[in-house]
Amino acid sequence: MAEGRPGREEAMELLKRYNKGEGLIKHALAVEAVMRHCARKRGEDEEKWGVIGLVHDLDYEQYPEQHCQKTEEILREAGWPEEYIRAVMSHGWGLRTEVRPESEMEKVLYAIDELTGLVAATALVRPSKSVMDMKVKSVKKKWKEKAFAAGVDRGVIEKGAEMLGVSVEELIEDTIMGMREAADELGLKGGI
């Protein structure tokens, strides 16, 4: 750990140690990309935000019933900073943990985690199969279809946007822009 700060390489190693499924790894990469985009937009530490995005669901594949708790244990054993652990725990607030998102970084993670799934699902049903030409209105249209990406908790996204003091539309725009940066890795570049 460089200067007591975990970097992307260490985060990727942990992610791949605990996750073999392509879906969960792509989700982690999507959240990382959006976290990095949002950090840049806010003048925050892009590396820290990205690393937290990468490991936020570290335990989900192997320990779905202990989601968040097991990640806390893994990160503590690896000597990760308390701020990183708290941020990861906060994304499960109200569902898996009592750790309420307080910092801007925690609120962004909480707000965009579910949203990356909706954006990815929307991209895959588009003719282009891409986020590169996607507009906010495409996601909003699918948002209204409760059966579409039914596992995405829209209430969490709305609560996250409210906590950040931004519209759901702005949050969707940021999520699309962040995911465009990793479109190749995510398989969402399509024919564009």
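Where a number appears in this text, it was derived from the coordinates with a stated rule and is not lab data. As the structure is a computational prediction, the values presented were derived from the model and not from experiment. Glycine also receives a Cβ, built like all others from the backbone with ideal geometry; neighbour counts cover every protein chain displayed.
Worth pointing out:
- Separation in nanometres of the label points that stand 7 Å from Cα toward Cβ, at E104 and R40: 1.6 nm
- Counting beta carbons within 10 Å around each of S90, S103 and listing the fewest first gives the order S103, S90.
- For E158 and M132, a Förster radius of 22 Å and the Cβ-Cβ distance give a FRET efficiency of 0.25, rounded to the nearest 0.05.
- Among V31, V125, V136, the largest mean-square fluctuation in a Gaussian network model of the chain, built with springs joining Cα atoms closer than 10 Å, belongs to V125.
- Taking other Cβ atoms within 10 Å as a rough exposure proxy, K159, K140 sort from fewest to most as K140, K159.
- With R₀ fixed at 22 Å, the C-beta to C-beta distance from S167 to A121 puts the FRET efficiency at about 0.60.
- Ordered by the count of other Cβ atoms within 10 Å of each Cβ, fewest first, L58, L115 give L58, L115.
- Listed by chain and number, the lysines whose C-alpha is less than 30 Å from the C-alpha of K142, apart from same-chain residues fewer than 8 away, are K20, K26, K41, K107, K129, K159, K189.
- A full extension of the chain between E82 and K144 corresponds to an added length of 18.5 nm, given 0.36 nm per residue minus the alpha carbon distance.
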